[in-house]
1. Could you list, in sequence order, all residues of region 29-56 that are more than 19 Å from the chain's Cα centre (by Cα) and modelled with pLDDT under 70?
2. Given the residues 176, 169, 190, which is the only one that is farther than 16 Å from residue 41 by Cβ and in contact (Cβ under 8 Å) with a residue 60 or more places away in the chain?
3. If you go through region 167-203, how many residues are over 18 Å from the mean Cα position of the chain (by Cα) and assigned to a loop (DSSP other than H, G, I, E, B)?
4. Give the residue that is surrounded by the fewest Cβ atoms within 10 Å (Cβ to Cβ), with candidates limited to residues of region 130-142 that are touching a helix residue (DSSP H, G or I) at 6+ places or on another chain (Cβ under 8 Å) and assigned to a loop (DSSP other than H, G, I, E, B).
5. Determine whether region 16-28 contains at least one residue that is modelled with pLDDT under 95 and closer than 15 Å to residue 180 by Cα.
6. Residue 145: out of contact with any helix residue (DSSP H, G or I) (no Cβ under 6 Å at 6 or more places or on another chain), outside any loop (DSSP other than H, G, I, E, B) and more than 27 Å from residue 188 (Cα to Cα), yes or no?
7. Select from region 88-111 the residues that are in a loop (DSSP other than H, G, I, E, B) and over 28 Å from residue 45 (Cα atoms) and write down the one among them that is nearest to the chain's Cα centre (by Cα).
8. Does region 158-166 include one or more residues that are outside any helix (DSSP H, G or I), closer than 23 Å to residue 52 by Cβ and either free of Cβ contacts under 8 Å to residues at least 12 places away in the same chain or touching a strand residue (DSSP E or B) at 6+ places or on another chain (Cβ under 6 Å) (or both)?
């Protein structure tokens, strides 16, 4: 059965960073990014867009084509935040435009108010990144015993549908790598760090 898509107002008046409440409430902002094709694959099954690698492949191609059609008439920002386009997607490609989303936040807050890291790096050394996070938030660092316990905590959100479906098709991965490449290049320039090219990721 096809997933029911809600009717949403298509106009974009402002984004979350521009909200007056957001500007008052947020002092420190933490962002963790992961490799886009991996996140998209999880999001696809978690959102129940489909249930097989083959459906993901077909839906991703359709969604990319819709986005490219939008780009032929509008800016990247318009297409990334288009509600009208979002409800047409069969595969949720829009959250993966980290460079576009981060620019909205950087336009609203000073860069030093952000701590940004990759999920991959956090997974490799969770304790170290917990310490960096506590320092960034200017709060007391817990004892080593507690830090180790926190670092070993299991994942709270799993996507059973993704594990039942199995790995992404290689041909889909190749399409996504090519599609997101310019956005990753821009992200690495924005953050002044080539690790955000995700060239060391194996998903």
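The values are calculated or read from the model by the stated rules, or taken from the named source; none is laboratory data. Predicted, not measured: the structure shown is a model, and the values here were computed from it. A quick note on method: Cβ atoms are made from the backbone with ideal geometry, for glycine too, and the neighbour counts reach across all protein chains shown.
1. none
2. Numbers: 176 fails: farther than 16 Å from residue 41 by Cβ; 169 fails: farther than 16 Å from residue 41 by Cβ.
Matching residue, one of 176, 169, 190: 190.
3. 3
4. Keep residues of region 130-142 that are touching a helix residue (DSSP H, G or I) at 6+ places or on another chain (Cβ under 8 Å), which gives 130-131, 140-142.
If we keep only those that are assigned to a loop (DSSP other than H, G, I, E, B) too, we end up with 140-142.
On the way: 140: 8, 141: 13, 142: 14.
Ranking the candidates gives 140 first.
5. As a first pass, look at region 16-28 and keep what is modelled with pLDDT under 95: 16-28.
If we keep only those that are closer than 15 Å to residue 180 by Cα as well, we get none.
No, there is no match, as no residue in region 16-28 is modelled with pLDDT under 95 and closer than 15 Å to residue 180 by Cα.
6. Working: out of contact with any helix residue (DSSP H, G or I) (no Cβ under 6 Å at 6 or more places or on another chain): yes; outside any loop (DSSP other than H, G, I, E, B): yes; more than 27 Å from residue 188 (Cα to Cα): yes.
Yes: the conditions hold for residue 145.
7. The first filter runs over region 88-111 and keeps only residues in a loop (DSSP other than H, G, I, E, B), leaving 88-93, 97, 109-110.
Still in the running and over 28 Å from residue 45 (Cα atoms): 109-110.
Values: 109: 19, 110: 21 Å.
Residue satisfying both the conditions and the ranking: 109.
8. Within region 158-166, the first condition is being outside any helix (DSSP H, G or I), and the residues that meet it are 158-159, 166.
Those still in the list that are closer than 23 Å to residue 52 by Cβ too: 158-159, 166.
Filter again for either free of Cβ contacts under 8 Å to residues at least 12 places away in the same chain or touching a strand residue (DSSP E or B) at 6+ places or on another chain (Cβ under 6 Å) (or both), leaving 158.
The answer is yes, given that some residue of region 158-166 is outside any helix (DSSP H, G or I), closer than 23 Å to residue 52 by Cβ and either free of Cβ contacts under 8 Å to residues at least 12 places away in the same chain or touching a strand residue (DSSP E or B) at 6+ places or on another chain (Cβ under 6 Å) (or both).
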